[in-house]
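**Q** Below is a structure I'd like to ask you about.
Just so you know, all these numbers are worked out from the coordinates, no wet-lab data involved. No experiment lies behind these values; they were computed from the predicted model shown. Cβ sites come from the backbone with ideal geometry, for glycine too, and all protein chains shown count toward neighbours.
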Amino acid sequence: MLQVNYGTQDIFFELKRSSRKTLAIEVYPDGSIVVIAPNDSSIVEIKEKIIRRAQWILKQQQYFEQFLPRTPQREYVSGETHFYLGRGYMLKVIEGNSNEAKLKGGRLLVMCKEKQKSPEKVKKILSNWYYLHAEKKFNSISDTCFNNFKDYNIKKPILEIKRMAKRWGSCNTIDKIVINPEIIKAPTKCIEYLITHEICHLIEKNHTKKFYSLLSEKMPDWQKWKDRLEQKMS
């Protein structure tokens, strides 16, 4: 998986080579991008052409996005359901001596020092709580997943947690994988699938038959958890 920067946007794309003479860009309904380039074209040339077509690419993604199912807009008030590791917890917002969030009594409790508990403040506190838990949980799951690749001559990748507008994860195919902290809301097995998927890219860079064969070897039921992730996080 490769990427180019266009303004404040990151455009991720899968590259395929072909004997064709011109470059083709395909945008799919899930927002993914596949670039089919001539065998003799350089990465620099390919990225330059993608940047020239960036506005069209983003418009295509926006068009398909309108057909995707949406999670109801969160208001960050008491009584809402928020998810953590696949389980729903009722949100309870109270005034406290500090700004913090924690799980208590089967509820997701958010404490605010301010008397006026604005949705923006609650969201910020909750987002920070999710991020801290994601950092700890993702590293633990990453260790478990990487142990399944001991028979391959690869180094353990750097794990970066980064909020991304349109992706759950990515891999630079060399030494780093990036995971969206929002995935902490999904079941643990979904997180295992995502991290395993990205580690596979350190061995098989593109989504080829070999890639999916490797993924199936390391996680035979990956399709089940991929589907669950898409349903849970849509």
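**Q** What do you get when you divide the Cα radius of gyration of the chain by 2.2 N^0.38 Å, with N the number of residues?
**A** 1.15
**Q** Per the helix-only calculation at 222 nm, which mean residue ellipticity applies to the chain, given -39500 (n - 2.57) for every DSSP H run of n ≥ 4 and division by its residues, nearest 500 deg cm²/dmol?
**A** -12000 deg cm²/dmol
**Q** Determine the dipole magnitude for the chain: charges of +1 sit on the beta-carbon of Lys and Arg, -1 on that of Asp and Glu, nothing else is charged, the reference point is the Cα centre, and the result goes in debye to the nearest 20.
**A** Roughly 340 debye, rounded to the nearest 20.
**Q** Using θ = phi - 60° and the Karplus relation 6.51 cos²θ - 1.76 cosθ + 1.60, list the HN-Hα couplings for the range 41-52 in order, rounded to whole Hz, with x at every Gly or Pro.
**A** Karplus-based 3J(HN,Hα) across the range 41-52 equals 7, 7, 4, 4, 4, 4, 5, 4, 5, 5, 4, 5 Hz.
**Q** Which one, 9, 154, 212, is farthest towards the positive end of the dipole of the chain when Lys and Arg carry +1 and Asp and Glu -1 on their Cβ?
**A** Of the options given, the answer is 9.
**Q** Let me ask something else. Could you identify which residue out of 112, 190, 171 has the top mean-square fluctuation in a GNM of the chain using Cα springs shorter than 10 Å?
**A** With Cα springs under 10 Å in the chain, the top fluctuation among 112, 190, 171 is at 112.
**Q** Next question, about the same structure. Show me, bin by bin at 5 Å from 0, the whole-percent P(r) of the range 139-232 based on Cα pairs.
**A** In whole percents, the pair-distance histogram is 3, 14, 26, 29, 20, 8, 1.
**Q** Could you give each residue of the range 179-191 its phi-based ³J(HN,Hα) in whole Hz, using Karplus coefficients 6.51, -1.76, 1.60 with θ = phi - 60°, and x for Gly or Pro?
**A** Each residue of the range 179-191 in turn: 10, 6, x, 4, 5, 4, 7, 8, x, 4, 5, 5, 5 Hz.
**Q** In debye to the nearest 20, how big a dipole does the range 135-233 give about its Cα centre with +1 on each Lys and Arg Cβ and -1 on each Asp and Glu Cβ?
**A** Value, rounded to 20: 220 debye.
**Q** Just report the Cα centroid separation between the range 170-201 and the range 106-144, whole Å.
**A** For the range 170-201 versus the range 106-144, the Cα centre distance is 20 Å.
**Q** Could you give the alpha-carbon Rg of the range 84-153 over 2.2 N^0.38 Å, rounded to two decimals?
**A** The reported ratio for this selection is 1.49.
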